Amino acid sequence: MAVHAHPDDESSKGAATMARYAAEGARVRVVTCTGGERGDILNPRLAGREDILRDMPGYRRREMAAAAAALGVEQVWLGFVDSGLPEGDPLPPLPEGCFALEPLDVTVGALVRQIREFRPHVMTCYDENGGYPHPDHIMAHKVAVAAFDAAADPTAYPEAGAPWAVEKLYYDVSFSITRIEAVDAALRERGYESPFDGWLHSRRDRPRRRATARVHCAEHFPQRDAALRAHATQIDPDGFFFAVPRDVEAEVWPYEEFELARTRVPVEPVMEDDLFAGVRLAGLGEGPVREYPVPTAGDVRAAGAPGHDREAVERAGARAGDGADGGRLEA
Ligand SMILES: [Zn+2]
């Protein structure tokens, strides 16, 4: 189960991983917290289209359905309203009734109900910074982490179904510095212009965080791209998300990255290549739920970890210095 703030986030964060697991027979469900009602038209080819502006929620629902079909995943709406991205100085107040202002017991309760109904083994969400300073992304993180706890707790939200303990919770690490630097270097070597110059520069001094899982999913990049294009009002087909030639991307960085945040099954201190590693398909059963320590990036590196992708990771790591940052771009 992948928890996202807006329709289109699922296509820019972990999309090929979801497509891969769906193709391998897993049930994969995206939970979209808001309808993206306050999104602008971000694709210059559709700029100013009155029919879209009159019915942005309708467009975004249809785009979401097409994206889910491209990825081969299920999708549900949590039913909250987009908070919009406040801009200006001072920032304007958030609009009444939006997702970021809803009481936590309401939003968490809604996600607990989804978890107990779908009974996922693994969940993904954003890190505590949302990866991007949008109030709905920060809130999606808070709600997902609180629901991970509450869904397993029989005393919490008893009206929302029988308790279910999700076994692992990951944060998306979609735009790690390690990845961007590796792709940036490869583009320069091949004589392409890199779209990441300013991006890297602006993130130089940010704290870096490191992925603990790298999922090989290049075979499913075409599905990810189709899902991105399905969000036609939000994604410019000539823009950032399509700036890297796809053959270069698949060769240099055929992965998506995640950081294990919580686990209720023991895990090895290695760079995982499978989010389902160690998961028990029958679930954890009744009784008190135990948690296990999460390996830190230091553990992962000390163990000399990565498996099949070890050399690529080391090459990229050598260029990147200290590893990855959890920063992501927003579609
Ligand atoms: Zn978003």
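Nothing in this text is a laboratory measurement; each read-out follows from the coordinates by a stated rule. None of these values were measured; they are calculated from a predicted model. Because the Cβ atoms are built from the backbone with ideal geometry, glycine has one as well, and the counts that use them run over all protein chains shown.
What to note about this one:
- Ordering 39-50, 110-121 by mean Cβ neighbour count within 10 Å, with the highest value first, yields 110-121, 39-50.
- log10 of Debye I(q)/I(0), alpha-carbon scatterers only, for the chain at 0.12 Å⁻¹: -0.84
- 3J(HN,Hα) from dihedral phi, the range 264-274, Karplus parametrisation 6.51/-1.76/1.60, rounded to Hz, x for glycine, proline: 10, 10, x, 10, 7, x, 10, 5, 6, 10, 8
- The residues neighbouring residue 264, those whose beta-carbon lies less than 10 Å from its own, together hold a net charge of +2 under the Lys/Arg +1, Asp/Glu -1 convention.
- Alpha carbon convex hull of the range 24-120, volume per residue in cubic angstrom: 137 Å³
- Peptides 85-92, 128-135 ordered by packing proxy, namely the average of other Cβ atoms within 10 Å per residue, highest first: 128-135, 85-92.
- For the pair residue 247 and residue 69 in one chain, pulling the backbone fully straight at 0.36 nm per residue adds 61.7 nm over the alpha carbon distance.
- Taking the chain and dividing mean pair separation by its residue count, relative contact order in percent (alpha carbons under 8 Å, at least six apart): 23 percent
- Choice from 21, 292, 59 showing the highest fluctuation, given a GNM over the chain with Cα pairs closer than 10 Å: 292
- Counted by neighbouring Cβ atoms within 10 Å, the residues 194, 11, 174, 202 run from fewest to most as 202, 194, 174, 11.
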